[in-house]
Amino acid sequence: MPPTKQKSANMSLTFDLASSDHKRLGSLAKRHSARSVSSLVRIAIERYDYGRYQTGSRDHRQLSVRLPEKLRSDLVQASKRKKVSVGELVRAAVTDFLEDPDLDLPAA
């Protein structure tokens, strides 16, 4: 019997996000025909330079996304190195992503 191809496991991640950033992600997804808000969050995390992270606080809204196992593992490791929560880093990644004026999104 031939070996079966294993899919990369995606893991659910729930975090709080500023309501204004959640709205901006939704608008950005529609404007650029992105598959979903979650796809934009994954891009934000992949692009984020964790060395730029600084603490802050704002009004938040809860959001759940599915992350590939490797991306989640990298995120958890960075949160341990920075001694902050995974959610804090995800918020920083999304905020940084939304501030990038030159969005080159992959095709939906």
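The values are calculated or read from the model by the stated rules, or taken from the named source; none is laboratory data. The structure displayed is predicted, hence computed values, not measured ones. Cβ: placed from backbone, ideal geometry, glycine included. Neighbour counts: every protein chain shown. Remember, those area values only see protein heavy atoms, side chains included, never the ligands or the DNA or RNA. Shrake-Rupley method; radii C 1.70, N 1.55, O 1.52, S 1.80 Å.
Here is how the numbers come out for the structure above:
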quantity: Candidate set: region 87-104, residues that are charged (D, E, K, R) and at pLDDT 85 or above; chosen: the one surrounded by the fewest Cβ atoms within 10 Å (Cβ to Cβ); calculated: Glu99
quantity: Filter result (assigned to a loop (DSSP other than H, G, I, E, B) and open to solvent by 60 Å² or more (accessible area, probe 1.4 Å)) within region 31-80; calculated: His32, Ser33, Arg35, Asp49, Gln54, Thr55, Ser57, Arg58, Asp59
quantity: Filter result for the condition that a residue is at pLDDT 80 or above and more than 12 Å from the chain's Cα centre (by Cα), over Val65, Val84; calculated: Val84
quantity: When residues of region 12-30 are limited to those that are farther than 15 Å from Leu89 by Cα, over 12 Å from the mean Cα position of the chain (by Cα) and touching a residue at least 60 places away in the same chain (Cβ under 8 Å), the one most open to solvent (accessible area, probe 1.4 Å); calculated: Arg24
